[in-house]
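Everything on this sheet refers to the single structure shown next.
Where a number appears in this text, it was derived from the coordinates with a stated rule and is not lab data. Worth saying up front: this structure is predicted, and the values here are computed from it rather than measured. Cβ placement follows ideal geometry from the backbone for every residue including glycine, while neighbour counts extend to all protein chains displayed.
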Amino acid sequence: MKVRVEAFKGWLRLRWSYDGKRHCLSLGFEDTPLARTVAEGRARTIEADILSGNFDRTLNKYKAADQQTAAITVCKLFEKFIAYKRKTSIQQRSLEKYTGLLGHLEIFFKQRSAAAIAPEDAELFREWLLTRLEPVTTSERIGLLKACWQWGIQRQLVTSNPWSGVRVRVPVKRRPAPFTQQEMKRIIDAFRSHPTYDYFADYVEFAFCTGMRTGELIGLRWRSVAADCRSIWIGEALSRGDRKETKTNKARELPLNNRLTSLLIARRTDSAAPDDLVFTTPQGKPIDDHNFRNRAWKPILRQLGIEYRKPYATRSTATNHLLDLGLSPVEVADLLGNSPRTIYTHYIGNVRRRSELPDILTD
């Protein structure tokens with residue numbers, strides 16, 4: 001008994017005869033290579049049921065998956081995807097991107113079926129999202145939707161991915177402008193002399209001098225500081241109260257210079273416990289990077305008349321100055337916990353040792 005897959009007006013259906021009766025089952029799939037694969041699988045199921053005597057004459061068994069596909073909404077599909085991601089090792093900070101995107105989907109698609117979303121709908125959503133988010137963020141969110149639909153295809157919740165061809169043009173990113181040595185000293189001095197935010201002066205100086213990621217610095221514990229304060233172990237980070245591995249999931253040992261060693265020795269008290277944080281708020285709480293940026297960093301840069309850069313620019317600043325001092329990209333990458341390629345691509349800005357274009361017409 002052969003169950004045939006055929007296209008009718010661009011849509012797939014199954015046709016077969018059994019027990020003297022002709023059957024036709026419309027699948028609701030457009031005629032695409034992926035949909036044909038699904039349809040062939042459905043056909044083989046029917047053939048196997050006929051041979052084993054388990055054929056469902058109501059055809060409900062063979063419509064079930066199809067009905068499920070038609071019933072699931074865009075938002076419900078993405079909720080299922082979020083539930084799946086929660087079971088993986090995804091970090092809370094990343095999960096917030098998924099839940100934020102779900103809110104946008106609820107506004108734009110409401111109760112629309114996931115199976116009914118065409119590439120044109122996906123492009124309209126991209127344009128709508130660009131009015132609310134930066135291009136680079138929109139591109140990232142579209143990437144999440146591509147992954148969601150691909151996951152849905154694997155579980156036969158949808159049959160095609162309308163997001164696969166959606167692209168977001170992201171403007172060329174300006175290379176980071178590192179702080180000059182004079183600017184760094186002025187910022188550190190301003191923190192040290194500030195009546196309220198002097199408590200963060202060591203934190204700022206350590207950030208400039210080490211180029212550590214914000215989460216790594218906020219999450220640094222005394223157990224990770226050598227007994228003589230000559231080095232620190234960097235293998236974890238703290239973000240919004242969530243302790244996790246470093247961004248690259250790799251630990252590194254960072255040897256410290258005399259300035260930073262003295263800074264740590266002066267900070268460490270006899271009562272400091274191994275799990276205590278090295279840098280905290282005056283109340284002993286973990287530093288909230290958003291609060292620090294808005295309440296301390298921005299006002300001090302404004303007061304000094306220094307062009308605003310986010311606190312994270314301390315990382316690119318350290319990178320550039322280390323390169324200026326003669327360290328190779330490989331050495332800098334090792335100290336900062338990055339690959340040399342990342343150093344070249346994302347962090348090298350105003351390096352004074354930049355090569356000059358040779359005059360190829362000179363004899």
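Counting pairs of Cα atoms in the stretch 181-347, how many percent are more than 21 Å apart? Each step should come with its number before you reach the end.
Values: 6430 of 13861 pairs.
Result for the distance tail: 46 percent.
How charged is the neighbourhood of GLU106? Take every other residue with its Cβ under 12 Å from the Cβ of GLU106, and add Lys/Arg as +1 and Asp/Glu as -1. Numbers along the way, then the final one.
Details: positive: LYS76, LYS110, ARG112; negative: GLU79.
Summing Lys and Arg as +1 and Asp and Glu as -1 gives +2.
Using only the alpha carbons, work out the radius of gyration and Dmax of the stretch 1-135 in angstrom.
Looking at the stretch 1-135, its Cα Rg and Dmax stand at 19.5, 62 Å.
Order by neighbour count: MET184, MET212, fewest other Cβ atoms within 10 Å first, most last. Can you show the working numbers first?
Details: MET184 21, MET212 25.
With the fewest neighbours first, MET184, MET212 line up as MET184, MET212.
Just to check, using Stokes-Einstein with a Kirkwood Rh over alpha carbon pairs, what's the diffusion coefficient of the stretch 4-68 at 10 °C and 1.306 mPa s in µm²/s?
Numbers: Rh = 12.1 Å.
Translational D for this selection: 132 µm²/s.
Rank-order 331-341, 251-261, 15-25 by packing density, defined as the average count of other C-beta atoms within 10 Å over each peptide's residues, highest first.
331-341, 251-261, 15-25
With 21 Å as the limit, write out which pairs from LYS80/LYS250; LYS80/LYS110; LYS97/LYS250; LYS9/LYS80; LYS173/LYS310; LYS85/LYS146 have Cα-Cα distances beyond it, or answer none.
From the list (LYS80/LYS250; LYS80/LYS110; LYS97/LYS250; LYS9/LYS80; LYS173/LYS310; LYS85/LYS146), the Cα-Cα distance tops 21 Å for LYS80/LYS250; LYS97/LYS250; LYS9/LYS80.
Starting from 0.36 nm per residue, how many nanometres of slack lie between SER328 and ARG169 once their C-alpha separation is accounted for? Provide the component values of the computation, followed by the final result.
Values: separation 159, 0.36 × 159 = 57.24 nm, distance 3.33 nm.
The span from SER328 to ARG169 would gain 53.9 nm if fully extended.
Quick one: helix 119-130 against the long Cα principal axis of the chain, what's the angle to the nearest 10°, folded into 0 to 90?
Here the helix axis deviates by roughly 20 degrees.
Which angle between 0 and 90 degrees, to the nearest 10, do you get for helix 92-109 versus the longest principal axis of the chain when only C-alpha atoms count?
50
Once Lys and Arg get +1 and Asp and Glu get -1 on their Cβ, which of GLY103, LEU144, LEU77 lies farthest toward the positive end of the dipole of the stretch 1-156?
Towards the positive end, the residue furthest out is LEU77.
Given the options ILE265, ILE142, ILE188, state which has the largest fluctuation in a GNM of the chain using a 10 Å cut-off (strictly under) for Cα springs.
ILE265
Relative to the compact-globule scaling 2.2 N^0.38 Å, provide the ratio for the alpha-carbon radius of gyration of the chain.
Values: Rg = 29.0 Å, N = 363, 2.2 N^0.38 = 20.7 Å.
Against the empirical 2.2 N^0.38 Å value, I get 1.40 for the chain.
Given a Förster distance of 22 Å, report the FRET efficiency between TYR84 and GLU140 from their Cβ-Cβ distance, rounded to the nearest 0.05. Present the calculation step by step, with values, prior to reporting the outcome.
Details: r = 19 Å, r/R0 = 0.85.
The value I calculate is 0.75.
I'd like the FRET efficiency for GLU40 and ASP19, computed as 1/(1 + (r/R0)^6) with the beta carbon distance as r and R0 of 22 Å, rounded to 0.05.
Details: r = 23 Å, r/R0 = 1.04.
So, using R0 = 22 Å, E works out to roughly 0.45.
Can you give the helix-only mean residue ellipticity at 222 nm for the chain, where every DSSP H stretch with n ≥ 4 adds -39500 (n - 2.57) and the sum goes over all residues, rounded to the nearest 500 deg cm²/dmol? It would help to have the intermediate numbers written out before the result.
Details: 13 runs with 160 residues, N = 363.
That comes out to -14000 deg cm²/dmol.
Work through the residues other than LEU336 whose Cβ is under 9 Å from its Cβ and net out their charges, Lys, Arg +1 and Asp, Glu -1. Please report the intermediate quantities before stating the final value.
Values: positive: ARG213, ARG252, ARG315; negative: ASP334.
Neighbourhood net charge equals +2.
On a full-extension model of 0.36 nm per residue, what is the gain between LYS2 and ILE265, subtracting their alpha-carbon distance, rounded to one decimal in nm? Don't jump to the answer; show the numbers that get you there.
Numbers: separation 263, 0.36 × 263 = 94.68 nm, distance 8.08 nm.
My answer for the length gained is 86.6 nm.
Local charge sum around PHE8 (other residues, Cβ-Cβ under 14 Å, Lys/Arg +1, Asp/Glu -1)?
Details: positive: ARG4, LYS9, ARG13, ARG15, ARG36; negative: GLU6, GLU30, ASP31.
Neighbourhood net charge equals +2.
How far, in degrees from 0 to 90, does helix 181-193 lean away from the longest principal axis of the Cα atoms of the chain, to the nearest 10?
Roughly 80 degrees between the two axes.
Which of GLN156, ALA201, LEU133 sits farthest toward the positive end of the charge dipole of the chain, with +1 on the Cβ of Lys and Arg and -1 on the Cβ of Asp and Glu?
Value computed over the given set: GLN156.
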